[in-house]
Amino acid sequence: MSGSTFGTLFRITNFGESHGPAIGCVIDGCPPGMELSEADIQPELDRRRPGTSRHVTQRNEPDAVEILSGVYEGKTTGTPICLLIRNTDQRSKDYGNIAQTFRPGHADYTYWHKYGIRDPRGGGRSSARLTAPMVGAGAVARKWLQQQYGTTFAGHMTQIGDIAIPFESLEHVPNNPFFAANVSDIAMLENYMDELRKSGDSCGARISVMARNVPVGLGQPLFDKLDADIAYAMMGINAVKGVEIGAGFASIAQRGTTHGDELTPQGFMSNNAGGVLGGISTGQDITVAIAVKPTSSIRSPRHSIDLDGNPVIVETFGRHDPCVGIRATPIAEAMLALVLMDHALMQRAQCADVQVNTPRIPADGRPR
């Protein structure tokens, strides 16, 4: 199967299936000499892992990461880093009833026609479980970017179903199961999800993610635009159906006098561009929003066909997230980190010696 490798200089090859013995990835291109251990990676995997609240799948996976190569005496060696996450709580029997049918909204039908064979257990290779290795790789990228440039990442849910979540403070994100930057509406969101789960239905979500202290100059002006690669990465996350950079679709209604981000010696006056101009980073915050579709695995009976094309009614059993967007925030942060890491290495390789006399404009109005 092609299409399992992401990145150019910082390359991640993802392997495994939802109900196989293990999942993982091989990271190639990590610079040598960075201190790295499982303790640097595990906290990010813990944020994404299943079973953390009643609002997500109750599959109880510890997602304990093992570093099998690429680290010697606590430091990266510049050789491939292999991360392994063992699957420990598979319930493959839950998928016996759909082995001969296709679940509406899932990759079952397209996968079958493409390969002529599929693993129906938990979606096999198409499962969102395969985002866990990318979160692990993203943790490696995050550490390097933070050490080199002070780059940090923050994400939060801004809408679930038809409920908009008002922004209050990022400090609330770790303290609720929705990754919401909000404390006032959590009880309402929990009631909403309880009712949705009882009804056997599902909903989508909107997630916002941001990178701060990003170097100026990442990206290329044509086919390897930074924002194009960010959109490519975000669309590679399971269930993502839309991506916005900066003002996104709101720019349709904006005038040029509003949308164009004016520059002053003290800093940019706005950030409608989302930190990218002409495919190259401005040094402002990179701001991205993604739309996550409703979970396709629901208990409600749905029309479908079997392998012979006969009409059937499909009911999906097992343990599923009524809203997969609930666990999408750390995944989106990780994918953004992987893109910025890759472009930072490409910028260093080609343009590390470039110097201009024009001072860098502060991204936030503070002197640097």
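The values are calculated or read from the model by the stated rules, or taken from the named source; none is laboratory data. Since this is a predicted model, take the numbers as computed values, not measurements. Here the Cβ positions follow ideal geometry from the backbone for every residue, glycine too, while neighbour counts run over all protein chains shown.
Computed quantities for the displayed model
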{"item": "Residue in region 318-336 that is in contact with an Asp or Glu (Cβ under 8 Å, 6 or more places away or on another chain), of a type outside the set (K, R) and modelled with pLDDT under 95 present", "result": "yes"}
{"item": "Among the residues listed as F153, F102, the single one being touching a Lys or Arg at 6+ places or on another chain (Cβ under 8 Å) and among the aromatic types (F, W, Y)", "result": "F153"}
{"item": "Members of region 199-253 found to be in a helix (DSSP H, G or I) and within 15 Å of T295 (Cβ to Cβ), listed by number", "result": "S199"}
{"item": "Options T110, T158, T151, T131: the member that is over 20 Å from M210 (Cα atoms) and of a type outside the set (F, W, Y)", "result": "T110"}
{"item": "Only listed residue being touching a residue at least 40 places away in the same chain (Cβ under 8 Å), buried (at least 20 other Cβ atoms within 10 Å of the Cβ) and out of contact with any helix residue (DSSP H, G or I) (no Cβ under 8 Å at 6 or more places or on another chain), chosen from A337, A328", "result": "A328"}
{"item": "Residue tally, condition among the charged types (D, E, K, R) and modelled with pLDDT of 95 or more, over region 191-217", "result": "2"}
{"item": "Test: V243 is over 30 Å from Q100 (Cβ atoms) and either surrounded by fewer than 21 Cβ atoms within 10 Å (Cβ to Cβ) or of a type outside the set (V, I, T) (or both)", "result": "yes"}
{"item": "Odd one out for T287, checked against (1) under 22 Å from the mean Cα position of the chain (by Cα); (2) surrounded by fewer than 18 Cβ atoms within 10 Å (Cβ to Cβ); (3) of a type in the set (S, T, N, Q)", "result": "(2)"}
{"item": "Residues being in contact with a strand residue (DSSP E or B) (Cβ under 9 Å, 6 or more places away or on another chain), among the small types (G, A, S) and under 14 Å from E17 (Cα atoms) - total across region 104-126", "result": "0"}
{"item": "Residue count, region 295-325 (criterion: surrounded by 20 or more Cβ atoms within 10 Å (Cβ to Cβ) and of a type outside the set (D, E))", "result": "10"}
{"item": "Single match in G219, G274 (criterion: crowded, with 21+ Cβ neighbours inside 10 Å and within 16 Å of S208 (Cβ to Cβ))", "result": "G274"}
{"item": "Failed item in (1) hydroxyl-bearing (S, T, Y); (2) surrounded by 21 or more Cβ atoms within 10 Å (Cβ to Cβ); (3) at pLDDT 95 or above, with T152 passing the rest", "result": "(2)"}
{"item": "Residue within region 301-310 that is under 16 Å from T151 (Cα atoms) and either in contact (Cβ under 8 Å) with a residue 24 or more places away in the chain or part of a strand (DSSP E or B) (or both) present", "result": "no"}
{"item": "Subset of region 180-198 (residues that are assigned to a helix (DSSP H, G or I) and either surrounded by 13 or more Cβ atoms within 10 Å (Cβ to Cβ) or of a type in the set (A, V, I, L, M) (or both))", "result": "I186, A187, M188, L189, E190, Y192, M193, D194, L196, R197"}
{"item": "Of residues in region 98-130 being among the aromatic types (F, W, Y) and in a helix (DSSP H, G or I), the one surrounded by the fewest Cβ atoms within 10 Å (Cβ to Cβ)", "result": "Y115"}
